Amino acid sequence: MDRRDNSGFPRQQSLLRAPEVCIYCGAPADTRDHVPPKLLLEEPLPPNLLTVPACWKCNNGCSDDERYVRDALHLVGFGEISREKTAPGGVVARSLEHSPLLGQKMNQAHVAGEDGRILFQPALDRFSRIMVKIGAGLWFGLHHRCVTASAFKCETVQHTHCISTWLVDVASFPGQSSGWPEVGSQELRRAAEAWPNQRDHRRLREWTKVQACVFEYLFVPKSPRQDGLFCVMNLYDTVWGLVSCPPPPPETRTRNRRR
């Protein structure tokens, strides 16, 4: 029997068939990296949180980006967790106080939109690096095969309130919004749950919740003309990312056809 924890992964899976190379760059692995990063989760951490083999450089090289992503998404968040973190004394408020340069960048990212609303223009390259890293780790966690991060690509990062129509037909996604309003919407969740089921009527896909209201994801196939998968990630019901991933290994696809 395949016993799974609340993160959706088999128990002890991080110790099974783990290669001795970093899944991100292929160098010798001398650490274990948490997927998603602990900085983007809440205490207490989920039990049996996925870890993957990584070199020290890849494990620690994105720390500043992870901190930026955490602070930025809570500045535009609309949930109770985000309000607590950005309130005086909260972890994000303290972070910006301790790093005046980061605080200055966050202030400069707020601009007035055409309709007069205040929008937040984040450093999407920093979000993209983190999304790719998480997507590569989740793909490894499912397939137990090492494919370096260069095989993954972040297609878009968007705020839930200004999401475009890529979940209706992700293959023809036209672009991404230039600014994020500071409110959110549940409409995107319903669209995401419906869209992948249109691709495959044999089996309903469900979100894998790593931590409720904090981080969840799902893998969906690309269009019939495209090989590979998309990994859709939802952070705090505030920011969504779409990462293009390689196709499953041949043996995985064979097992799925037999089911």
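Nothing in this text is a laboratory measurement; each read-out follows from the coordinates by a stated rule. Bear in mind that the values here come from a model prediction, so they are computed numbers and not experimental data. Note that we place each Cβ from the backbone using ideal geometry, even for glycine, and neighbour counts take in every protein chain shown.
Some observations on this one:
- Peptides 132-139, 41-48, 151-158, 60-67 ordered by average Cβ neighbours within 10 Å, highest first: 132-139, 151-158, 60-67, 41-48
- Backbone phi angles across the stretch 61-73, fed through the Karplus curve with coefficients 6.51, -1.76 and 1.60 (θ = phi - 60°), yield HN-Hα couplings of x, 9, 4, 5, 5, 4, 5, 4, 4, 4, 5, 5, 5 Hz in residue order; Gly and Pro are listed as x.
- Highest mean packing first, where packing is the average number of other Cβ atoms within 10 Å per residue, the peptides 25-36, 222-233 line up as 25-36, 222-233.
- Placed amide H near Gly228: partners under 5 Å, 5+ positions off or other chain: Lys222
- Net charge over other residues, Cβ less than 10 angstrom from the Cβ of Lys133 (K, R count +1; D, E count -1): -2
- Restraint check, Lys57/Lys153; Lys133/Lys209; Lys38/Lys133; Lys57/Lys209; Lys85/Lys209, Cα-Cα greater than 25 Å: Lys57/Lys209
- Of the residues His144, His159, His98, the one with the fewest other Cβ atoms within 10 Å heads the list, and the complete ranking is His98, His144, His159.
- Gain on full extension, evaluated as 0.36 nm per residue between Asp30 and Ser99 minus their Cα-Cα distance, stands at 21.8 nm.
- Each of the peptides 70-81, 208-219 was scored by the mean count of other Cβ atoms within 10 Å over its residues; in descending order, highest first, they stand as 70-81, 208-219.
- Largest first and in whole Å, the equivalent-ellipsoid semi-axes of the stretch 39-87 read 24, 16, 7, each the square root of five times a Cα gyration tensor eigenvalue.
- Legend: P(r) of the stretch 7-140 from all alpha carbon pair distances, 10 Å bins from 0, whole percents, reading 11, 35, 31, 18, 5, 0.
- Summing Lys and Arg as +1 and Asp and Glu as -1 over all other residues whose Cβ lies under 12 Å from the Cβ of Ala87 gives a net charge of +1.
- Dipole-positive endmost among Trp139, Ala123, Val111 within the stretch 105-145 (Cβ charges, Cα centre): Trp139
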